[in-house]
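See structure below.
The values are calculated or read from the model by the stated rules, or taken from the named source; none is laboratory data. Only a predicted model underlies this, so the values are computations on that prediction, with no experimental measurement involved. FYI the Cβ positions are ideal-geometry reconstructions off the backbone, even for glycines, and counts take in every protein chain you see. For accessibility, only protein heavy atoms count, side chains too; no ligands or nucleic acids. Shrake-Rupley method; radii C 1.70, N 1.55, O 1.52, S 1.80 Å.
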Amino acid sequence: GYPGENFMSRRDTPAAPMFYPLYLRSDISSRLEARFLQELQADPPAVIVDMGDEPALSLDPPERERRRAAGLGWEFLPSNLDEVFAFIDANYALERNFQGYGIYRLKGNSSQTP
């Protein structure tokens, strides 16, 4: 959900539903959540950047659990968020932290400076 960063880096979003997680419960958000995960799994991006927003749940599993325990996280979390995290945990590895952003690279993808 960072269109400015995507545009400036010439990086495509991993899926058509750009704003994941969404901000309310509806039939539309449920369909977009499912589509986001399907597209992420079908065509995983080489790199995912954790933008480090404190209210958001982190891609880093220990930090994610710390934030959950602290009651952080958006009010309306996607129903499939744990599935998304499980996919990322299984398929990505933290390559480096850069100015507070966690840079995760697809496992088996050659390591180059993002």
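Over the range 44-103, what is the mean sequence separation of C-alpha contacts under 8 Å (at least six apart), divided by residue count, expressed as relative contact order in percent?
Values: 46 pairs, mean separation 25.5, N = 60.
Answer for the range 44-103 is 43 percent.
Could you calculate the contour length gain from ASP43 to ASN109, that is, 0.36 nm times the residue separation minus the distance between their Cα atoms, to one decimal place in nm?
On the way: separation 66, 0.36 × 66 = 23.76 nm, distance 1.32 nm.
So the chain would gain 22.4 nm between ASP43 and ASN109.
Among PHE98, PHE76, PHE87, the order of accessible area from largest down is PHE98, PHE76, PHE87, computed with a 1.4 Å probe on protein heavy atoms. Estimated at the nearest 10 Å², the accessible area of ILE48 is 30 Å² with a 1.4 Å probe.
Extending 7 Å from the Cα toward the beta-carbon at both LEU81 and ASP27 defines two label points whose distance is 2.5 nm.
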